[in-house]
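Written below as structure tokens is the structure these notes are about.
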Amino acid sequence: MARFITIEGGEGAGKSTAQQFLASKLISMGLSVTLTREPGGTPLAEELRQTLLNPHGEVPVEMAELLLLFAARAQHIAEVIKPALDRGEWVICDRFTDATYAYQGGARGMSVEVITQLEKMVQGALQPHQVILLDLPPEVGLERARARGELDRFEREPMAFYERVRSGYLGRVRTMPDRYTVIDASQDLQGVEDQLECVAQGWLAE
Ligand code: TMP
């Protein structure tokens, strides 16, 4: 049965590595998997990603940022996520709307009601079956992100912004615990992969 899984966390939490690891486990169990990411996942949505992450030039106002994220999401859902789920594949997406609640809602302080309205308009009933949250202190994650090279527009935000992102995610975990699997991303890679493996086994046993 098709499943929509999303991976969330602050900067440098190891989302892409976790995504690759989960995909290899699911593929080895004989499942078809689509890997994708947000913002992005289609040519148009990737163009919007460039605009959103560009640290130079005109800075989008908060509402423009939010609408660009949902514009990219609408395109991504229609062109990639829904077709893959309709084909019976598993979709593992690096970030989705939980990131909007954590970054634009929690960290930028935008109205949660507005985000919820856009979520309903753009997604209809589509929600992740499970969200993997790779949780770690922002100073550890930003250190890793800085080691990767030039920082994007979000990575240049102050530490307090990232504390609010983290609290935003953890606040959602408290209100909807069944939706999330929280993994301590400050442990070593083997520890994270062991937990991911258990999670994947659990899905297949369902
Ligand atoms: P990435 O670092 O995971 O590639 O994501 C790009 C940035 O986009 C990251 O700093 C978080 C930000 N973002 C939001 O602010 N809101 C969103 O809804 C999404 C999907 C990403």
Just the residues that are open to solvent by less than 20 Å² (accessible area, probe 1.4 Å) and assigned to a loop (DSSP other than H, G, I, E, B), please, taken from the stretch 161-206. Ala185
What are the residues in the stretch 151-206 that are basic (Lys, Arg) and closer than 30 Å to Thr51 by Cβ, if any? Arg153, Arg156, Arg164, Arg166, Arg172, Arg179
For the stretch 52-90, how many residues meet the condition of being in contact with a Pro (Cβ under 8 Å, 6 or more places away or on another chain) and of a type in the set (D, E, K, R)? 1
Qualifying positions in the stretch 128-160 - touching a strand residue (DSSP E or B) at 6+ places or on another chain (Cβ under 9 Å) and either away from the ligand (no atom under 15 Å from the Cβ) or outside any helix (DSSP H, G or I) (or both): Pro128, His129, Gln130, Val131, Ile132, Leu133, Leu134, Asp135, Leu136
Residue that is nearest to the chain's Cα centre (by Cα), among those in the stretch 1-44 that are of a type in the set (A, V, I, L, M) and within 26 Å of Arg164 (Cα to Cα): Ile7
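The values are calculated or read from the model by the stated rules, or taken from the named source; none is laboratory data. Everything numeric in this text was worked out from a predicted model, so none of it was measured. Because the Cβ atoms are built from the backbone with ideal geometry, glycine has one as well, and the counts that use them run over all protein chains shown. Calculation scope for accessible area: heavy atoms of the full protein, side chains included, ligands and nucleic acids excluded. Shrake-Rupley method; radii C 1.70, N 1.55, O 1.52, S 1.80 Å.
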